[in-house]
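The values are calculated or read from the model by the stated rules, or taken from the named source; none is laboratory data. Note that the structure is predicted; figures quoted are calculated from it, not measured. Methodologically, a virtual Cβ is constructed for each residue, glycine included, from the backbone with ideal geometry; neighbour enumeration extends over all protein chains shown. For accessibility, only protein heavy atoms count, side chains too; no ligands or nucleic acids. Shrake-Rupley method; radii C 1.70, N 1.55, O 1.52, S 1.80 Å.
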Amino acid sequence: MSVATSTAREVTRTVSTGRSKDKSLGSLVFLGALWFSLFFGVMVLLVLIVDTAIEGSPRFDSALITEYGSRVRPESTGFRAGILGSLWLMVFTALFAVPLGIAAALYLEEFADGDRWWNRLIELNLQNLAAVPAIVYGLLAVAVMALMGFGRSGIVLGGAIALALLILPVIIITTREAVRSVPQEIRQGSLALGATVWQTTWRQTLPSAVPGIATGTILGLSRAIGEAAPLIVVGLAGSVRFDPTGVMSEITALPMMIYSLTSNSQEEFRTAASAAIIVLLIMILGLNALAIYIRNKFQKTW
Amino acid sequence: MKLTSIRRALVPGIAALALALSACGGSDAGDDTSGDGVSGKVAVDGSSTVFPMSDAAAELLLEETPDVDVTVGESGTGGGFEAFCADKTDISDASRPIKDEEAAICEEAGIDYTELQVATDALTMVVHPDLAVDCLTVDQIIQLWGPDSKVKNWNELDPSFPDQEISLYGPGTDSGTYDYMAADVIGAESESTRADYQSSEDDNVLVQGVAGTEGATGYFGYTYYEENTDSLKALSIDSGNGCVEPSAETAQDGSYTPLARPLFIYVNNAKYNDNEAVKTYVDFYIENLAEIAEVGKFIPLSDELYGETQSALEGIGS
């Protein structure tokens with residue numbers, strides 16, 4: 001363990017237990033400020049979730065997930081199209097983003113010569129891409145769809161391209177982090193036994209980095225599932241009443257349906273939107289739970 | 001040992017991913033043509049104001065013909081026409097007539113279309129029933145609701161108005177009603193109204209607020225006023241030709257301006273004639289227009305206007 005890590009751990013322990021030997025006013029005030037920040041963040045989130053859950057509670061029924069949206073019967077409107085649409089989007093976003101992201105990260109980490117200007121340029125761009133507003137990726141996806149010759153972009157493919165572009169930087173950065181944390185000795189051992197760089201990467205480094213890669217990927221996906229802005233730009237319709245059947249199917253997404261209903265003047269629709277927010281939260285929490293499970297299952301210590 | 005098992009799991013996994021990726025890129029792109037006239041599919045986009053109507057039409061149609069897949073978007077009247085004239089949609093919802101430059105783009109792309117009026121949208125300015133104000137000019141509305149407005153008392157608008165403090169009620173900035181007021185009635189460059197008013201997305205809250213506060217005023221869709229005529233007083237609007245009371249008639253004949261506007265759908269003629277699904281949807285839409293307008297909370301067309309819409313529809317087929 002490096003000196004920096006152990007020092008950081010020591011500091012954290014002192015702050016979190018409050019058992020510091022330093023009893024000066026300054027440090028007590030700072031400790032108070034830290035606690036307040038923590039409390040504030042958690043409380044706001046909690047109040048928000050509880051408030052939404054209470055507002056949506058009249059609509060926690062099966063119609064909420066099995067029925068299509070209904071304007072004629074607002075009291076039993078459902079989000080089936082949005083939920084299915086979001087699930088399809090997630091699968092195809094992962095199919096596009098994960099292999100690309102992992103490949104790019106492996107290249108940058110294991111093969112690229114960091115002194116070359118083009119590699120440095122790529123790296124600089126990656127950092128910047130992670131901070132680009134989500135809506136810009138929607139515009140990018142529209143352009144990509146147009147270049148590929150698709151007349152309509154409001155389909156599974158268009159949405160998945162937008163979301164894949166959105167989370168690609170996140171996946172690349174976390175994968176690089178994970179690959180970098182694999183001890184150098186593993187690689188050296190493999191190379192010393194006569195393996196090529198490719199064999200070492202494929203058989204040793206990559207499998208050892210799975211927990212980190214999986215966690216980063218799934219956290220990226222849980223960000224993507226809650227996005228509405230790029231999907232609106234891509235042209236996903238707000239109202240769909242059939243199930244997706246393929247990548248060329250028109251779909252809608254859960255966050256878009258929620259967005260559209262929250263400003264509706266009819267009480268029933270806003271209640272349904274609140275309930276749908278809870279459904280979306282459960283989907284995101286499910287993904288995060290999966291990330292934690294994978295990390296724990298494959299975690300190794302050296 | 002552990003390492004090997006992970007690798008064994010991972011390698012086929014990634015291979016499967018790659019396979020699936022290439023598979024879906026190839027097969028699905030071929031059989032399902034996008035763009036021009038997919039049978040059984042109808043693409044509608046455009047005004048978010050008309051969205052509830054087109055959405056309701058899609059839902060009601062589903063009960064009769066479950067095989068017609070209708071998608072309805074709400075990317076705005078302008079965005080709708082852009083897609084419509086690029087041949088990406090079959091029908092465009094609009095809360096205003098098509099502009100000349102939009103029509104030129106459509107013409108250049110060789111898209112013939114037909115305009116069908118489907119309903120009338122009207123705002124109503126209401127006040128507390130006891131307030132001695134009956135009519136506002138358009139300038140006074142702008143003075144009262146404009147983004148820079150500081151008006152706090154009725155007598156600031158007109159010395160003959162009572163010395164009574166104003167409480168303002170209006171819809172939230174996300175709503176189409178707000179957009180209409182800000183962009184079309186006030187017409188400020190910022191497309192906003194003043195911000196210091198009680199806002200609610202729930203029109204019932206606005207009704208209660210105005211009805212229960214002396215000197216209060218607010219605005220919302222005409223149909224909500226219609227349901228609450230007992231507890232509210234509607235202001236007449238003077239746009240230069242004298243005060244005009246809000247009613248279904250004045251909204252439709254154009255005299256209740258600028259607080260009333262016609263709503264349209266634009267139908268691509270070629271799609272209507274070639275694509276059975278589009279024809280089914282549009283015919284159903286116009287046939288059940290009164291019911292659909294009611295679901296969307298708009299003023300249904302008068303018999304005369306409905307007749308015009310019907311004959312315009314017949315004109316597409318020939």
What helices (runs of 4 or more DSSP H) completely inside region A:147-226 contain at least 3 residues that are within 25 Å of the chain's Cα centre (by Cα) and under 30 Å from B:GLU82 (Cβ atoms)?
-> A:156-180, A:206-225
How many of the residues making up region A:146-185 are open to solvent by 10 Å² or more (accessible area, probe 1.4 Å), under 27 Å from A:MET248 (Cα atoms) and of a type outside the set (Gly, Ala, Ser)?
-> 9
Could you list all residues from region B:157-216 that are of a type in the set (Phe, Trp, Tyr) and at pLDDT 90 or above?
-> B:PHE161, B:TYR169, B:TYR197
Would a scan of region B:221-231 turn up a residue that is under 21 Å from B:THR120 (Cα atoms) and β-branched (Val, Ile, Thr)?
-> yes
Take the residues in region A:233-291 that are without any contact (Cβ under 8 Å) to a residue 12 or more places away in the chain and closer than 24 Å to B:ASP69 by Cβ, then tell me which one is farthest from the other protein chains (Cβ to nearest Cβ).
-> A:THR245
Residue hits (region B:261-315; under 23 Å from B:ALA86 (Cβ atoms) and in a strand (DSSP E or B)) are B:LEU263, B:PHE264, B:ILE265, B:TYR266, B:VAL267, B:ASN268
For A:ALA164, which of the numbered conditions (1) modelled with pLDDT under 90; (2) in contact with a Ser or Thr (Cβ under 7 Å, 6 or more places away or on another chain) fails to hold?
-> (1)
Only one of B:LYS233, B:LYS271 is assigned by TED's automatic domain parsing to the domain that holds B:VAL207, modelled with pLDDT of 90 or more and farther than 22 Å from B:LEU301 by Cβ, namely B:LYS233
Verdict on A:GLY101 being within 14 Å of another protein chain (Cβ to nearest Cβ), farther than 30 Å from A:LEU168 by Cα, open to solvent by less than 70 Å² (accessible area, probe 1.4 Å) and not charged (D, E, K, R) = no
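Condition check ((1) under 18 Å from A:GLY69 (Cβ atoms); (2) open to solvent by 10 Å² or more (accessible area, probe 1.4 Å)) across all residues:
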position	(1), (2)
A:VAL247	no, no
A:ILE251	yes, no
A:ALA272	yes, no
A:ALA276	yes, no
A:ASN288	no, yes
A:ALA291	no, no
All but one of (1) part of a helix (DSSP H, G or I); (2) buried (at least 22 other Cβ atoms within 10 Å of the Cβ); (3) not small (Gly, Ala, Ser) hold for B:VAL126; which doesn't?
-> (1)
Among the candidates A:LEU236, A:LEU280, single out the residue that is within 23 Å of A:VAL170 (Cβ to Cβ), open to solvent by less than 30 Å² (accessible area, probe 1.4 Å), of a type outside the set (Phe, Trp, Tyr) and over 19 Å from the mean Cα position of the chain (by Cα).
-> A:LEU236
For region B:137-173, name all the residues that are touching a Ser or Thr at 6+ places or on another chain (Cβ under 7 Å), in contact (Cβ under 8 Å) with a residue 24 or more places away in the chain and of a type in the set (S, T, N, Q).
-> B:SER167
Which pairs have Cβ atoms under 8 Å, sit 6 or more apart or on different chains, and link a residue in region B:281-295 that is over 11 Å from B:ALA119 (Cβ atoms) to one that is part of a helix (DSSP H, G or I) and charged (D, E, K, R)?
-> B:PHE284/B:GLU64
